[in-house]
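Asker: Below is one structure. I have some questions about it.
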Amino acid sequence: MQLSTQATTDELGLTMVKRLVLRVPKEDALLPHQLLNEVAFRGFVTKNLPSILVPKVHAYNLTPPWIVEDFIEGTLLSTLWPRYSEHEKEAVCRKFAKMVAMLGETTFGGIGGLVPSNKNGRQGTELGPTVEGCKLFKGRGKLHAPEFYNIGPYKSAKEYVLAYYDKEIAYYSHPVTAGDIDMDLFEKVQVADFVETLRRNRGNLQRGTDHLSADNNTEEEPFVAVHGDFHGRNILMNGTEVNAVLDWEFAGAYPLSELFDGIDVVEMDSEEMEEENDKWNARLRMILKEVVEERGWGEREKRLLFSDGNPVLQTVRIEMFPY
Amino acid sequence: MDSAPNIRKNAPTTPRSSTTSPIPADILQNAKLAIERVSSAKCGASGVDNDLKEELELVDVDFLAEGGYNVVWLIKYRHKVYII
């Protein structure tokens, strides 16, 4: 009798207690997209970037929402980091730099999160709505649906930016979110006047008369895999080996210039830890430069990777204030 | 006033906390459902030999961690493979 990979001779006739993880989204999660994105992105990474280890999803459910995944042994990077020698920190940074480079080499045809797909009986993934923190805070998550604004996927960066304006216009106009608006922001400006300003800015951007759109070729950036929440509490280590990268719920396909903004390796709960993050983010940036050089990245891709981000996106992805 | 999320990170930064409260009934129910789902998926898997049977049974659920948008629970399950 040939044994499958799921059973070993030791297990035959034996009862073993094993462990799985049940991941339950909180009430303010962007459902179902946040859960679907987590499931689909992990499947995508497992298939296309197998050297980036992620816990395998065994099952998921939308109502009620949960994911069951492998329990991975390991210690959080943020816990281990202070115990590493300088040499070990260098080695770990090089591993992260390779991961970032691999994500940056993984391109998509648009901007979006991922959703599981089933085409002709073949399980896979396809672009779906984006899942972003800036689309859910202060009650904005209530409007994360196509009937309120285009939640993605987006064919171009311009379409993506316009949707951000539509989101804010909906947020400040719709009765559903009327109670969520921070009225401290509106001591000098009426909400209705601010909505008009948003409409005007959106119109300028759409027509290409906005100074931001004139300065930047937002259409031409490659869209690459971005983790979106890459830090020391989402990386499980075994010594200096990466056992798993967790929490892909905010991952997606985004412009290359949004890929890298450092990795906070430790909790920023003191000035000393903040300095440690700054020091090693600077070092990681240097190592990443070496890694993408070794991997043959072009000059344009390198410039985008190490830019300060796309100014158009930076304008719309933060809270838009009425002053 | 709350600060807007970091523009270069998709996930908002939210405080992490821990809990020692009892396991809610709905979590137990979800864990049972999850184990049933995983068990039936394993039984239907093509890689399992016809002469083998796998059984999964929920043993216990423990709080593991709380993140920004998830509460993570540890499911302990009894895994049995035997010849039929």
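The values are calculated or read from the model by the stated rules, or taken from the named source; none is laboratory data. Note that the structure is predicted; figures quoted are calculated from it, not measured. Neighbour counts run over all protein chains shown; Cβ positions are idealised from the backbone, glycine included.
Asker: State the number of residues belonging to the range A:116-137 that are farther than 19 Å from A:ALA170 by Cβ and under 14 Å from the mean Cα position of the chain (by Cα).
Answerer: Total meeting the criteria: 2.
Asker: Which is touching a Lys or Arg at 6+ places or on another chain (Cβ under 7 Å) and not hydrophobic (A, V, I, L, M, F, W, C), of A:GLY252, A:GLY228, A:GLY232?
Answerer: Criteria check complete, one pass: A:GLY228.
Asker: Please indicate, with yes or no, whether at least one residue in the range A:284-296 is within 18 Å of the chain's Cα centre (by Cα) and either of a type in the set (Ser, Thr, Tyr) or surrounded by 15 or more Cβ atoms within 10 Å (Cβ to Cβ) (or both).
Answerer: no
Asker: Right, something else. Quick check: is even one residue across the range A:250-268 among the charged types (D, E, K, R), modelled with pLDDT under 95, within 22 Å of A:LEU236 (Cβ to Cβ) and surrounded by 22 or more Cβ atoms within 10 Å (Cβ to Cβ)?
Answerer: Yes; the residues of the range A:250-268 include at least one that is among the charged types (D, E, K, R), modelled with pLDDT under 95, within 22 Å of A:LEU236 (Cβ to Cβ) and surrounded by 22 or more Cβ atoms within 10 Å (Cβ to Cβ).
Asker: Tell me which residues, restricted to the range A:149-178, are touching a residue at least 24 places away in the same chain (Cβ under 8 Å), part of a loop (DSSP other than H, G, I, E, B) and within 19 Å of A:VAL115 (Cβ to Cβ).
Answerer: If the condition is that a residue be touching a residue at least 24 places away in the same chain (Cβ under 8 Å), part of a loop (DSSP other than H, G, I, E, B) and within 19 Å of A:VAL115 (Cβ to Cβ), then A:ILE151, A:GLY152, A:PRO153, A:LYS155 are the ones that fit.
Residue by residue, here is whether (1) in contact with an Asp or Glu (Cβ under 7 Å, 6 or more places away or on another chain); (2) of a type in the set (A, V, I, L, M, F, W, C); (3) without any contact (Cβ under 8 Å) to a residue 24 or more places away in the chain holds:
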{"site": "A:ALA59", "(1), (2), (3)": "no, yes, yes"}
{"site": "A:ILE67", "(1), (2), (3)": "yes, yes, no"}
{"site": "A:GLU73", "(1), (2), (3)": "no, no, no"}
{"site": "A:TYR84", "(1), (2), (3)": "no, no, no"}
{"site": "A:GLU90", "(1), (2), (3)": "no, no, no"}
{"site": "A:CYS93", "(1), (2), (3)": "no, yes, no"}
{"site": "A:ALA101", "(1), (2), (3)": "no, yes, no"}
{"site": "A:GLY104", "(1), (2), (3)": "no, no, no"}
{"site": "A:LYS119", "(1), (2), (3)": "no, no, yes"}
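Asker: Something else now. Please tell me if A:MET320 is under 30 Å from A:GLU69 (Cβ atoms) and buried (at least 17 other Cβ atoms within 10 Å of the Cβ).
Answerer: Considered against the rule, which asks whether it is under 30 Å from A:GLU69 (Cβ atoms) and buried (at least 17 other Cβ atoms within 10 Å of the Cβ), A:MET320 comes out as no.
Asker: Here's a follow-up. Please enumerate the residues belonging to the range A:199-231 that are buried (at least 20 other Cβ atoms within 10 Å of the Cβ) and modelled with pLDDT under 95.
Answerer: Result: A:ARG202, A:LEU205, A:THR218, A:GLU221, A:GLY228, A:ASP229, A:PHE230, A:HIS231.
Asker: Further question on the same structure: State yes or no: is A:ASN37 of a type outside the set (A, V, I, L, M), buried (at least 21 other Cβ atoms within 10 Å of the Cβ) and within 12 Å of another protein chain (Cβ to nearest Cβ)?
Answerer: Taking the combined requirement at face value, the residue satisfies it.
Residues checked against (1) assigned to a helix (DSSP H, G or I); (2) touching a residue at least 60 places away in the same chain (Cβ under 8 Å); (3) closer than 30 Å to A:PRO153 by Cβ; (4) among the aliphatic types (A, V, I, L, M):
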position: A:TYR254; (1), (2), (3), (4): no, yes, yes, no
position: A:MET268; (1), (2), (3), (4): no, no, no, yes
position: A:ALA282; (1), (2), (3), (4): yes, no, no, yes
position: A:LYS289; (1), (2), (3), (4): yes, no, no, no
position: A:GLU301; (1), (2), (3), (4): yes, yes, yes, no
position: A:ASP308; (1), (2), (3), (4): no, no, yes, no
position: A:TYR323; (1), (2), (3), (4): no, yes, no, no
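Asker: Follow-up question, since we're still on this one. Does the range A:32-42 include one or more residues that are within 18 Å of the chain's Cα centre (by Cα) and among the aromatic types (Phe, Trp, Tyr)?
Answerer: yes
Asker: Those residues that are under 13 Å from the mean Cα position of the chain (by Cα) and either among the polar types (S, T, N, Q) or more than 7 Å from chain A (Cβ to nearest Cβ) (or both), I need them from the range B:67-84; list them, please.
Answerer: The answer is B:ASN70, and nothing else.
Asker: Still on this model: Among A:LEU35, A:LEU22, which is the only one that is over 26 Å from A:ARG285 (Cβ atoms) and outside any strand (DSSP E or B)?
Answerer: Selected residue: A:LEU35, the only one of A:LEU35, A:LEU22 that is over 26 Å from A:ARG285 (Cβ atoms) and outside any strand (DSSP E or B).
Asker: Say whether the condition of being among the hydroxyl-bearing types (Ser, Thr, Tyr), assigned to a helix (DSSP H, G or I) and more than 11 Å from every other protein chain (Cβ to nearest Cβ) is met by at least one residue in the range A:85-102.
Answerer: No.
Asker: Using the structure shown, decide if A:GLU69 is within 30 Å of A:LYS135 (Cβ to Cβ), at pLDDT below 95, over 18 Å from the mean Cα position of the chain (by Cα) and more than 7 Å from chain B (Cβ to nearest Cβ).
Answerer: no
Asker: A:ARG122 - would you say it is basic (Lys, Arg) and surrounded by fewer than 18 Cβ atoms within 10 Å (Cβ to Cβ)?
Answerer: yes
Asker: Just checking, does the range A:281-291 include any residue being touching a Leu at 6+ places or on another chain (Cβ under 9 Å) and under 30 Å from A:LYS167 (Cβ atoms)?
Answerer: no
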